[in-house]
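Written below as structure tokens is the structure these notes are about.
Please treat every number below as a calculation from the coordinates, not as lab data. Because the structure is predicted, anything quoted here is derived from the model rather than measured. Every residue, glycine as well, gets a Cβ built from its backbone with ideal geometry; the counts of neighbours run over all protein chains shown.
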Amino acid sequence: MDNRVYVIGRDSAPQYLRLEAGEALAMTLVFLPGTGGRYCLEVDLCGPGASLDLAGLYLCPADGQLDLRVLVRHAVGGCTSRQLFKGIVGGTASASFDGLIYVAPDAQKTEAYQENHALLLSETARAESRPQLEIYADDVQCSHGATTGYLNPDELFYLRSRGIPEDEARQLQMQAFLAPVARRLDEALAEEVYASLP
Amino acid sequence: MNNQVLLEIKGLHASVEGKEILKGVDLVIRRGEVHAVMGPNGAGKSTLGAVLAGRPTFEVTAGSVVYDGRDLLALSPEERSWAGLFLSFQYPVEIPGVSITNFMKAAVAARRKAQGRPELTPGEYLNLLKEKMALVQMKGEFARREVNVGFSGGEKKRNEVFQMAMLEPTLSILDETDSGLDVDALRIVAEGVNRLRTPETSAIVITHYQRLLDYIVPDVVHVLKEGRIVRTGGRELVDQIEQEGYESIHG
């Protein structure tokens, strides 16, 4: 399956998508440092067998505010949607993620999953996650998960005890955190993402 | 054995969250020696290892540690590693997303840079990796796995000894390397450690049981109780502990 990658603010990214029967779309959104503002995406799954594989990576290492709003609407049954977002928020930056999964009445056999994980780099950074499920069918599999946390100090000490300098060890931890989304990017963009980490 | 002192610990006190764990440890280790530190649970054995490796959660409140002529306590964990100190963790940490290859590549590169040695070529690195993996009987796919993720207890400890082999330490601290190992894994781990022994390098083997010491034979045995070394002797101490327990050992 093709994976469409959009760097928000650089590429013209869609704000509305409609997937017809049997259509499959994989899409990855990248928010590099300094992007800021609000980005909204709506996806309608309109025909049976449509599938959406959506991932996103947002980097707000220093300051500014970023709002992400994603609405995935399962209008008919038998469709699948997966979302995985990963964010790094540091300095005085704040990031919020609103994700709504809507399953229409009688859209049975729907599978819809959403995850948003944020890594905080400072005490003053803020990350908010507002996952919502609105489900009007009874034979569905839906889940959402959200976590917010700091770099693991045990990992950091383990890496440093092997001689990896503290800064480099933190970089490695951040790269590992982003890896599930970053591996969907081509090498040049992945390098750009890693180089932009504090 | 050239008898030169490698590590000298004097009156070491250390606390965690205000609670004193080490209450005046004295210890001298010469090059070429293997020392066993034994003791009951909660005696401070793992704390001693962690303090020597520079774990930030412990605060050294008194005492000194001279390693190879340097003030060890003034060094960061990474500087201690570059100086040749290695801690094999009792509970090795999982690092999802980081492969063993990349983990060790970063470690080896940082160390060589700190020592002013040229970087290894990719071919040289690969050969080093293969050679050291063979030492702990690890297969090729091992290097591509994420660090300790989904590893069995035995695999985690073999991974520790593999890393030890990669970094060629001068002073190795093995913290409860025998815990959670079956006999086969224990033998592989012990053989790895023994093959890394040289007249120039030393080891501290921290253990609760005598089992590991059947395979890694210590020159000196210390008993740590309530934050102090209460007895130092030869291998006969191991037998005494085995027969009579730690209650029989007093300062």
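Residue order for B:V93, B:V205, fewest other beta carbons within 10 angstrom first, comes to B:V93, B:V205. Spatial offset of the range A:17-76 relative to the range A:90-152 amounts to 12 Å, using the alpha carbon center of each.
Computed from the C-beta positions of A:C40 and B:D26, the FRET efficiency with R₀ = 60 Å rounds to 0.35. Each of B:L237, A:L59 has some number of other Cβ atoms within 10 Å of its Cβ, and from fewest to most they run B:L237, A:L59. Each Lys and Arg Cβ is given +1 and each Asp and Glu Cβ -1; about its Cα centre, the range A:40-173 then shows a dipole of about 180 debye. Measuring between their Cα centroids, the range B:18-32 and the range B:159-238 lie 16 Å from each other. Remark: spin-label model distance A:E23-A:D139 equals 2.6 nm, labels positioned 7 Å along the Cα→Cβ axis.
Does a label point 7 Å from the Cα of A:Y150, set along Cα-to-beta-carbon, have any residues of the range A:111-134 with amide nitrogen under 18 Å, and which are they? In the range A:111-134, the label zone of A:Y150 (backbone N under 18 Å from the point 7 Å along Cα→Cβ) covers A:118-128. Calculated on C-alpha atoms, the gyration radius of the protein assembly as shown divided by its Kirkwood radius gives an Rg/Rh of 1.08. One chain, two ends: B:E119 and B:D71. Fully extended at 0.36 nm per residue, the span grows by 14.5 nm beyond their Cα-Cα distance. Modelled spin-label separation between B:K19 and A:Q15, with each label point placed 7 Å from Cα along the Cα-to-Cβ direction: 5.7 nm.
Close amide-amide hydrogen proximity is noted between A:V103 and A:H74, A:E134, A:I135, A:Y136, each under 5 Å apart and 5 or more residues distant or on a separate chain (H modeled in the peptide plane; Pro and chain starts excluded).
Is the shape of the range A:1-109 best called rounded, prolate or oblate, per the rule: a/c under 1.5 gives rounded, else a/b larger than b/c gives prolate, else oblate, with a ≥ b ≥ c the square roots of the Cα gyration tensor eigenvalues? Because a/c hits 1.5 or more and a/b exceeds b/c, the range A:1-109 counts as prolate. In this structure, the amide hydrogen of A:G34, modeled 1.01 Å from its nitrogen in the peptide plane, lies closer than 5 angstrom to no residue at least 5 positions away or on a different chain. With K and R counted +1 and D and E -1, the other residues having a Cβ less than 11 Å from that of A:V140 yield a net charge of -3. Rg and Dmax over the alpha-carbon atoms of chain B stand at 17.8, 55 Å. Each Lys and Arg Cβ is given +1 and each Asp and Glu Cβ -1; about its Cα centre, the range A:17-114 then shows a dipole of about 120 debye.
All other residues whose Cβ lies under 13 angstrom from that of A:T80 are scored, Lys and Arg at +1 and Asp and Glu at -1, for a net of -1. Cβ crowding within 10 Å ranks B:E119, A:E168 as B:E119, A:E168, fewest other Cβ atoms first. When shorter helices are ignored and each DSSP H run of at least 4 residues is given -39500 (n - 2.57), the per-residue value for chain A at 222 nm works out to -5500 deg cm²/dmol.
Rounded if a/c is under 1.5, else prolate if a/b is larger than b/c, else oblate: which is the range B:56-166, with a ≥ b ≥ c the root eigenvalues of its Cα gyration tensor? Oblate, because a/c is 1.5 or more while a/b does not exceed b/c. Most simply put, chain B has about 60% antiparallel DSSP beta bridges, counting only bridges with both residues inside it.
Taking a Cβ cut-off of under 13 Å around B:R111, the surrounding Lys, Arg, Asp and Glu residues balance to a net charge of +2, with basic ones at +1 and acidic ones at -1. Across the range A:71-110, the residues whose backbone nitrogen lies under 12 Å from the label position 7 Å along the beta-carbon direction of A:A62 are A:91-93.
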